[in-house]
Amino acid sequence: MTSSAFETTKPDNVSYLDRLARTDLGRSYKRRMLEELDVRAGQTVLDVGCGPGTDLESLAERVTPAGAVIGVDRDERMVDAARERTADFAAVDVRLGDVHDLPLAAGTVDRARTDRVLQHVDDPLQALIQIHRVLRPGGRLVMGEPDWDTLAIDHPDSRLSSAYTRHVTDKVIRNARIGRQLARLATEAGFFVPTVIPVTPVFRDVQAADKVLGLERTTQRAVAADYLTAEEARRWLDHLARGPFLAAVTFYIIVAES
């Protein structure tokens, strides 16, 4: 089932997040999210699920030393990495905490962002209620999340593509359809949602796609979960490796105001 086109070893979480941020896709959508966040000097900005601090430096530059950037993550390793990376930025404060119970007082934040976090949390609505609680009236939240149900990978046997996507939405991602749900959930949490921006990256290079999607590893899990047979998985991966390759998935950027 293996091919030199695919990674066989899963990268650690820090390496994966750093690598995605360096891709053209990562730089593009992060830049758009930052534009929509409209950060001003002197503001307090919250990065919910900040990971290893990938975006904290750019936020700190926007708020200037007169403002503050607070990163929150529940993973101690991520918090340690973020603190180390931002040690030279006095405006940055990285805290260990859970998005369902944010370690901040009510009404203390001007801007907040989440980047591919809510697809993994236990209760996205509760997370949004917490973010709404800590935002000041008139504050802004910008979220970016994929809708994995839109994942489309071309293959001569469309049944295999459908089975692969179904496995991703059923078993791999906890809140796989969060992208399409964000506007509704944010409204339920008390936000006004003025802007929904769909972004649909198209992958034409299988190795570039594999670095984001983990195609072979996910296929192996689909076989173990009986979404694909071993023979179907072989045919699926053989064709993807030979090409021509095309895959796409819709990513939503949601702007919400408190």
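Every read-out reported here was derived from the displayed coordinates using simple, explicitly stated rules and does not represent laboratory data. As the structure is a computational prediction, the values presented were derived from the model and not from experiment. Glycine also receives a Cβ, built like all others from the backbone with ideal geometry; neighbour counts cover every protein chain displayed.
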(message) Only bridges whose two residues both fall in the chain count here: according to DSSP, what percent of them are antiparallel, nearest 5?
(response) 50 percent
(request) Among DSSP beta bridges lying fully in the range 71-185, give the percent that are antiparallel, nearest 5. (result) 10 percent
(message) Considering just Cα atoms, how many Å³ per residue does the convex hull of the chain enclose?
(response) 117 Å³
(request) Mind grabbing the base-10 log of I(q)/I(0) for the range 71-138 at q = 0.13, 0.15, 0.17 Å⁻¹? Debye formula, identical points on the C-alpha positions, no solvent, two decimal places. (result) -0.38, -0.51, -0.65
(request) Starting from the amide H of GLY51, placed 1.01 Å from N in the peptide plane, find each other amide H under 5 Å away whose residue is 5 or more places distant or on another chain. (result) none
(request) Express the relative contact order of the range 49-195 as a whole percentage, based on alpha carbon pairs under 8 Å and six or more residues apart in sequence. (result) 19 percent
(message) Once you keep just the Cα pairs under 8 angstrom separated by 6 or more residues, what percentage relative contact order results for the range 13-257?
(response) 19 percent
(request) Kindly provide the helix-only [θ] at 222 nm of the chain, computed as the sum of -39,500 (n - 2.57) over DSSP H runs of four or more divided by all residues, to the nearest 500 deg cm²/dmol? (result) -12000 deg cm²/dmol
(request) Please list the equivalent ellipsoid semi-axes of the range 150-258, computed as the square roots of five times the alpha-carbon gyration tensor eigenvalues, in descending order and whole angstrom. (result) 31, 16, 10
(request) Among VAL92, VAL14, VAL109, determine the one that fluctuates most according to a GNM of the chain built with springs between C-alpha atoms less than 10 Å apart. (result) VAL14
(message) Test of understanding: in a Gaussian network model of the chain with alpha carbons linked when under 10 Å, which of ASP210, ASP24, ASP47 would top the mean-square fluctuation ranking?
(response) ASP24
(request) Would you mind pulling out the separation of the Cα centroids of the range 176-205 and the range 125-159, in Å? (result) 5 Å
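Dipole of the chain, Cα-centred, from +1 at each Lys and Arg C-beta and -1 at each Asp and Glu C-beta, to the nearest 20 debye?
It works out to roughly 340 debye.
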